[in-house]
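Report on one structure; see the data block that follows.
The values are calculated or read from the model by the stated rules, or taken from the named source; none is laboratory data. Small disclaimer: the values here were computed from a predicted structure and weren't measured. Backbone-built Cβ (ideal geometry, glycine too); neighbour counts: all protein chains shown.
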Amino acid sequence: MTAQTARRLLAALVVLLSTSRCGSEPGPGAYTPTPEARQRADRIVARETREAMARYESEDALRASLQRLAEAAALRTARYRSGGALADGVAQAEAAPTAAADTGGEESITNNQVAGVDEGGIVKTHGDHLVVLRRGRLFSTRIGDASLTPVSMVDAYPRGAPGGWYDEMLVHDDTIVVVGFNYSAGGTELGIFDIDDDGQIQRRGTHYLRSNDYYSSRNYASRLVGDRLVFYMPYYLMQTRWEGDQPVADYTLPSMRTGGDDDWDEVIEATDIYRPIQRTTNPALHTVVSCDLSRPRLRCRSQGILGPSGRNFYVSRDAVYVWVGGERWGDDAHRADQPEAAVYRLPFDGSPVGAVRVAGMPVDQFSFQERDGHLNVLVRAGGGGDWMWAPEVAGGDVALTRLPRALFTDGVATAPRDAYTRLPRVEGYAFQNRFVGEHLLYGTGGGWGPAQRAAHGQVVVHAVETGATSVVALPHGVDRLEVMGGDAVVVGSGGGALHFSAVELDASPSVVGHYEQPGASQGETRSHGFFFRPTAENAGTLGLPIRGSQGAGWHHLREGSAGVLYLDVRDRQFSRLGVLGSSGARVNDRCQASCVDWYGNSRPIFYRGRVFALLGYELVEGRVDGGAIREVRRTHLYRDQPRG
């Protein structure tokens, strides 16, 4: 049975767009296991579930454990002919296809969640140049000496091999790393490029990491912490074949190969994998890969955790946190006294992995905050994590989980009941959440769907330290929550307009500033679409791509934004500077790969005192003068490239 997989919004949307990726989907059949089969499967799974963090002692131990789990999966999901042979097969896990950063003195143009942790994006800086990743190509543009001149354009994919989606880019010194997923190679693709002082880009090499697709509608797969490239890979390592009526578990470990080489070198060993502490019959290997970019040759190592498939991950300056949901669903799966989920902490310094048993599921990377010796996490009763489109369908009760860092030892702790604070439940489609200082904010809006038309909404504000909770009324929904100095800005649609509400986070939170852009909605759903540049205490400039109010959030997959709106912010009051708009010019770019803008195509850019707008292939510079922004110059990244 063929299914539309990696990069789908909804089935109807994918059909409409005709841009999805294809793969195979499991067909489990309508088998109901007998009580005896279920009990036997439960006994097997219980024996494989540990009470403490423990790595596999050897590859033989890993193989034996996976064999037992394959038997348990077969008992739960297989349907046999009367003679005992397999009829419809074993259900397999679907190959499913996170403040400005401290960048060593270089100014950041990325709306990063955590200071000092850069996130893979579509536009970065390298000295006097902007580097843009779009539609399977890398572009550099010189902006030094008040210029705006395209310099270089190279394919993000290897010559003659446009078999992937090229989503994220990071720049470290004179190295560009492009992260993509390649279906032909069956793994994550890392393109390594050199960029010189003149902005010329050349490919250094291509590496493939065997994995499943990392795509999330909200999170970013890659991070850069100092010299360390870090990214998360989900990997369904176990494949089941049948010898007669017996299931046999085959598996491969995450491995790396270079270019067209056929040999795969493992980046993880069985002794780097932690045994499951959660009940699971179809385990996913939650893999965190770390590569040292300070060396000329790319070398990567990994750690992995076996557990159920639903997950979220968050990267702090010291560690990666992976929250893995349980296999059970329903009310019982989220009881604090019988937690099915677990959150793991994988430190960068090589110290032991720690875990805490927890209840509920975060919505996305913004559900996390590491602060003052605690990991704070907003959870909901229902949700599948941040893979694919799962963040868009989270639901149920809401709670704040507050975990002391001291809980994360090499043992396995259980979050006590008083670690959870029940919060007001909100109704609506697309749930947004964000920590701003010591406050947690959340609400709902239109998300990837149509812009919200109702001229009313609300945002819940919870003070983490004091426990005080307020419900703040808004004239719009909640499509975006962002940090704006020491306060928050809530962006959302309502009544055919795009609204910006400044929320003062004091003892009695309230809307103290408001701006309305008639006939507009936000042009980007990704967090990187927004940027706030502080210019003084309680002052700054913000930018956000916009489009007409009739479109839905997913339209950026096919259409560019109409422009980038800039607002001046002083003492939480907004004033309009203006819009740097798109010319609407179209060009036949002969696109070969990544021909859909899954990570967006428009960004506000503030760099070295200058203001730019990236609008598809157009790069526009503006200047603020007399309380308004005016266009100074523009260029077209593709059309204006120097031709040899």
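Considering segment 570-590, the residues that are of a type in the set (Lys, Arg) and outside any strand (DSSP E or B) include one that is surrounded by the fewest Cβ atoms within 10 Å (Cβ to Cβ), namely Arg590.
Based on what the data block shows, is Asp250 part of a strand (DSSP E or B) and either more than 30 Å from Asp60 (Cα to Cα) or not aromatic (Phe, Trp, Tyr) (or both)? In short, yes.
Which of the residues that make up segment 446-457 are over 9 Å from Gly553 (Cβ atoms) and buried (at least 20 other Cβ atoms within 10 Å of the Cβ)?
Gln452, Gly457
Can you tell me which residues in segment 596-620 are more than 26 Å from the chain's Cα centre (by Cα) and surrounded by 21 or more Cβ atoms within 10 Å (Cβ to Cβ)? Once the filter is applied, which keeps residues that are more than 26 Å from the chain's Cα centre (by Cα) and surrounded by 21 or more Cβ atoms within 10 Å (Cβ to Cβ), segment 596-620 yields Val611, Val620. Taking the condition of a type outside the set (Phe, Trp, Tyr), in a loop (DSSP other than H, G, I, E, B) and crowded, with 16+ Cβ neighbours inside 10 Å, does Ala593 pass? The answer is yes for Ala593. Of the residues making up segment 235-273, those that are touching a Gly at 6+ places or on another chain (Cβ under 7 Å) and either modelled with pLDDT of 90 or more or not polar (S, T, N, Q) (or both) number 5.
Yes or no, residue by residue, for (1) assigned to a strand (DSSP E or B); (2) surrounded by fewer than 21 Cβ atoms within 10 Å (Cβ to Cβ):
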| site | (1), (2) |
| --- | --- |
| Gly191 | yes, no |
| Asp194 | yes, yes |
| Gly199 | no, no |
| Arg204 | yes, yes |
| Leu209 | yes, no |
| Tyr214 | no, no |
| Asp261 | no, yes |
| Ile268 | no, no |
| Thr271 | no, yes |
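The combined condition, being outside any strand (DSSP E or B) and acidic (Asp, Glu), is fulfilled by Glu559. Within the span defined as segment 545-557, every residue fails to be closer than 16 Å to Gly486 by Cβ, touching a Gly at 6+ places or on another chain (Cβ under 9 Å) and either of a type in the set (Gly, Ala, Ser) or modelled with pLDDT under 95 (or both). Before we move on, is Arg633 under 30 Å from Glu504 (Cα atoms) and either modelled with pLDDT of 90 or more or of a type outside the set (Val, Ile, Thr) (or both)? Spelling it out, it is not the case that Arg633 is under 30 Å from Glu504 (Cα atoms) and either modelled with pLDDT of 90 or more or of a type outside the set (Val, Ile, Thr) (or both). Tyr220 passes every criterion in (1) of a type in the set (Phe, Trp, Tyr); (2) under 17 Å from the mean Cα position of the chain (by Cα); (3) modelled with pLDDT of 90 or more; (4) over 22 Å from Val114 (Cα atoms) apart from (4).
Please verify whether segment 154-173 includes one or more residues that are surrounded by fewer than 19 Cβ atoms within 10 Å (Cβ to Cβ), on the phi < 0 side of the Ramachandran plot and touching a His at 6+ places or on another chain (Cβ under 8 Å). Checked against the condition, which is being surrounded by fewer than 19 Cβ atoms within 10 Å (Cβ to Cβ), on the phi < 0 side of the Ramachandran plot and touching a His at 6+ places or on another chain (Cβ under 8 Å), segment 154-173 yields no hits at all.
Within segment 287-295, not a single residue is among the hydroxyl-bearing types (Ser, Thr, Tyr), over 29 Å from Ala341 (Cβ atoms), touching a His at 6+ places or on another chain (Cβ under 9 Å) and not in a loop (DSSP other than H, G, I, E, B). State all residues of segment 356-390 that are of a type in the set (Asp, Glu) and closer than 18 Å to His528 by Cα; if no residue qualifies, say none. Scanning segment 356-390 gives Asp364, Asp386. The numbered conditions (1) surrounded by fewer than 22 Cβ atoms within 10 Å (Cβ to Cβ); (2) in contact with a strand residue (DSSP E or B) (Cβ under 8 Å, 6 or more places away or on another chain); (3) part of a loop (DSSP other than H, G, I, E, B); (4) not polar (S, T, N, Q) are all true for Val151 except (3).
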